[in-house]
């Protein structure tokens, strides 16, 4: 796999892992060891690593809970495409995604209760398409079509909201990383040109 695709797949995998569930001890230790360069993305990675070094696993879990589940009325952020695009969960964007997942032969794991348009799952699918986790790596055209339909309309907004969420400390640079990466993907796929 070309180095650029390895990096893309790695970022999608990281975002998926950080947003699927609270960080466990292994994950927070991994995040503490991340290093970036002087680019805006690299600086966000360095910020995430520095914050992780000062954050306990329990504090990271508490922040995740407040951001995504809340206490009673739901979390500060709704990580679902349908919610962002229509204001409601389980709407047409989810049905469209399910149709494309079926066509790709991808199903969510047993025991997962979140709808498939959860940001973590959609990032995991992009990772798998790039890395060949579902068979052969998907063509760039197929990746572009999936991104255009299932991430481009809403993921950048979600990550921007995470970046400025009142409850986000450790997850603020995750929002920055996601927002910048969605912009990079958008430009790389040639949208708006």
Any chance the range 156-177 includes a residue that's closer than 16 Å to residue 97 by Cα, within 11 Å of the chain's Cα centre (by Cα) and at pLDDT 95 or above?
-> no
Go through 100, 110, 117, 24 for me and flag whichever is touching a strand residue (DSSP E or B) at 6+ places or on another chain (Cβ under 8 Å) and either free of Cβ contacts under 8 Å to residues at least 40 places away in the same chain or closer than 29 Å to residue 138 by Cβ (or both).
-> 117
Going through (1) within 23 Å of residue 131 (Cα to Cα); (2) touching a helix residue (DSSP H, G or I) at 6+ places or on another chain (Cβ under 8 Å) one by one, residue 57 fails only at (1)
Of the residues that make up the range 67-87, is at least one surrounded by fewer than 20 Cβ atoms within 10 Å (Cβ to Cβ), over 17 Å from the mean Cα position of the chain (by Cα), free of Cβ contacts under 8 Å to residues at least 24 places away in the same chain and farther than 17 Å from residue 166 by Cβ?
-> yes
Of the residues in the range 1-35 that are outside any helix (DSSP H, G or I) and under 18 Å from the mean Cα position of the chain (by Cα), the one that is farthest from residue 178 (Cα to Cα) is 24
Elements of type helices (runs of 4 or more DSSP H) contained in the range 74-193, each with 2 or more residues being more than 25 Å from residue 39 (Cα to Cα) = 81-86, 92-104, 119-131, 140-150
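The values are calculated or read from the model by the stated rules, or taken from the named source; none is laboratory data. Treat the numbers as computed from the prediction; the structure is a model and nothing was measured. Heads up, the Cβs are rebuilt from the backbone with ideal geometry, glycines too, and the neighbour counts pull from every protein chain shown.
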